[in-house]
Amino acid sequence: MGFFTWLFRWLGWGADSRDFPSDTERTSDLGVRTSSGSLNRSSFDDSDAPRRNSDLTETAIHSNSERSVTTRPVTSRPKLTLSRREEERIRNPPERSPCVEVVGETPYRYARFGSTTGRHLDLSQDGDDSQLNARCLPIFHTPEELAGWLQIPLNQLVWLVHRFSAGRPPASDAAHYVFQWLKKKSGGWRLIESPKPILKRAQVKILREILDRIPAHRSAHGFVAGRSIVTNAEPHVGQDVVVAFDLSNFYTTVGFSRVVAIFRSLGYSREAAIWLGLLTTSAIPGNMAFPERNPYAFDPYLKRHLPQGAPTSPALANLSAFGLDVRLTGLARSFGATYTRYADDISLSGPQELIRSLRVFIPLVNQIVRRERFRLNPKKRKVIRTHQRQVIAGVVVNEKTNISRVQYDRLKAILTNCVRLGPSTQNHEQHDNFAAHLRGIIAHVSNLNRDRGEKLMAIYSRIDWRR
């Protein structure tokens, strides 16, 4: 019993606990008690989204001589509930094709053993060729057929996936990736894993002939043909508030099982999906050196994950976030807001009504992200009003898509110094083709603001590249 509770009862002011609503009365396990209803959907989508209700209140009833009813904001966090689709999946789980145990000869080369019986497992029979044909995807079921499609020997395919070393390179020199640690501006380390030529050719073929034929969600703008940071920013121009989130360790969060599930959902058999997952994910070797005596930098990379630097990783990351995009799009629509995502940058914007609903809206976003098995970086969450500079993935969106004044002035100063002092004095980062580097930046500025781009191009045309 707390001191103030004892004091109030001693003075005769204490109210019996039965007069106060219980937690289940205020917030049930299936939703949020509101002034006009409850939020009763967890899987927000475009067709079935709940209406916004930001005026959450709870009623405290006191048992004094004169009962009074007062309202105050809900202290408990709003909760999501199961959608009809999820409830149906729980009631009627999908049937799984049983493993076919083979007695005697192996069904195909490099077939796996059963965990208990020791017999070979045939995992090549549960594919859906009709689904692959409908999507114009290549058809293969076994490792040998996959090697034939990749146009490499089967033994080389086995070597690429480290079949006989538990899927992990025994040492750094045996890995099929070139590892490089880069320090993040916000602190910590990022591991760049660039595939070596043989593996990269296989990944490019998987990207061009499989992954590029599967469209990403329309709200995803990163690494999607025909979309860019400009198309990602345009829906948020002129909004009263912009809420920005950042997904922490976006690529490494997508593990091997999620990648295999993506290929399974396309129609590939379990055997084929496992080998495709091994080709497109990475596991760091045990003897790899960590940066600056910081062993904790290893933590996100210990499990098998999408490597940042592989050509297939952006497409697989977008497909793994498809459910996240669907649910956040529906949530945004229910609050009258707009949602887009550029890689790991999540952007939501809306009118004044969204500002008044942020105490409900932000926790719901957090819950959806967690349920989709991603993580948010709390240090990078921003709520930006109209009187502030609203920046989304480096693009200013207050009145129109634009480049920030600081970036424009810096680039203009570099070009002016190139004219006055020569371009060799301004190539501080030692770019191999400094002229192409500057043209690329000017083209980016022109996409955001044509007038500024023309002014910069006029200065660029006066540069004497012989100096």
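At-a-glance table
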item	result
Residue-count net charge about Val254 - beta-carbon cut-off 13 Å; Lys, Arg +1, Asp, Glu -1	+3
Around Leu160: net Lys/Arg minus Asp/Glu count, Cβ-Cβ under 11 Å	+4
Top positive-direction residue, dipole computed over segment 157-286 with Cβ charges, set Gly277, Val158, Ser257	Val158
Rg/Rg_ref, segment 262-307, where Rg_ref = 2.2 N^0.38 Å and atoms are Cα	1.53
Coordinate range along principal axes, alpha carbons of segment 286-378, Å, largest first	54, 28, 19
Calculated FRET efficiency for the pair Asn433/Ala261, C-beta based, R₀ 35 Å, to 0.05	0.25
Dipole magnitude of segment 145-294 about its Cα centre (Cβ charges: Lys, Arg +1; Asp, Glu -1), debye to nearest 20	200 debye
Val100 long-range amide H proximity, modeled H, under 5 Å	Asp122
Sites Asn447 and Asn92 - FRET efficiency at Förster radius 56 Å, r taken between beta-carbons, to 0.05	0.70
Around Ala321: net Lys/Arg minus Asp/Glu count, Cβ-Cβ under 14 Å	+3
Extended-chain gain in nm, criterion 0.36 nm per residue less alpha-carbon gap, Asp128 and Gln156	7.4 nm
Carbon + sulfur, % of accessible area of segment 327-467 - ligands and nucleic acids excluded, 1.4 Å	46 percent
C-alpha center-to-center spacing [segment 404-443, segment 333-361] in angstrom	36 Å
Inter-site label distance for Thr425 and Glu144 at 7 Å from Cα along Cβ, in nm	6.9 nm
Accessible-area value, Arg375, 1.4 Å probe, nucleic acids and ligands omitted, Å²	130 Å²
Whole-angstrom gap from segment 447-464 to segment 200-216, using each part's C-alpha centre	37 Å
Heavy atoms of Met457: accessible area, 1.4 Å probe, square angstrom to 10	80 Å²
Three-way shape label, segment 186-232, alpha-carbon gyration tensor, a/c 1.5	oblate
Segment 125-147 versus segment 237-260: alpha-carbon centroid distance in Å	30 Å
Solvent-accessible surface (1.4 angstrom probe) belonging to Lys183, in square angstrom, nearest 10	130 Å²
³J(HN,Hα), Karplus 6.51/-1.76/1.60, whole Hz, each residue of segment 235-240, x for Gly, Pro	x, 9, 5, x, 7, 6
Segment 333-406: C-alpha gyration tensor shape, a/c 1.5 cut-off, then a/b vs b/c	oblate
Shape of segment 208-340, Cα gyration tensor, a/c cut at 1.5	oblate
Fraction of accessible area attributable to carbon and sulfur, segment 153-296 (%, probe 1.4 Å)	55 percent
Förster radius 35 Å - calculated FRET efficiency between Arg213 and Val102, Cβ distance, rounded to 0.05	0.60
Cut-off 15 Å (backbone N to label point 7 Å along Cα→Cβ of Ala458), residues of segment 391-412	412
Heavy-atom accessible area order for Phe140, Phe290, largest first, 1.4 Å probe	Phe290, Phe140
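The values are calculated or read from the model by the stated rules, or taken from the named source; none is laboratory data. These numbers were taken from a predicted model, which means no experiment stands behind them. A quick note on method: Cβ atoms are made from the backbone with ideal geometry, for glycine too, and the neighbour counts reach across all protein chains shown. Ligands, DNA and RNA are excluded from the accessible area calculation, which covers all protein heavy atoms including side chains. Shrake-Rupley method; radii C 1.70, N 1.55, O 1.52, S 1.80 Å.
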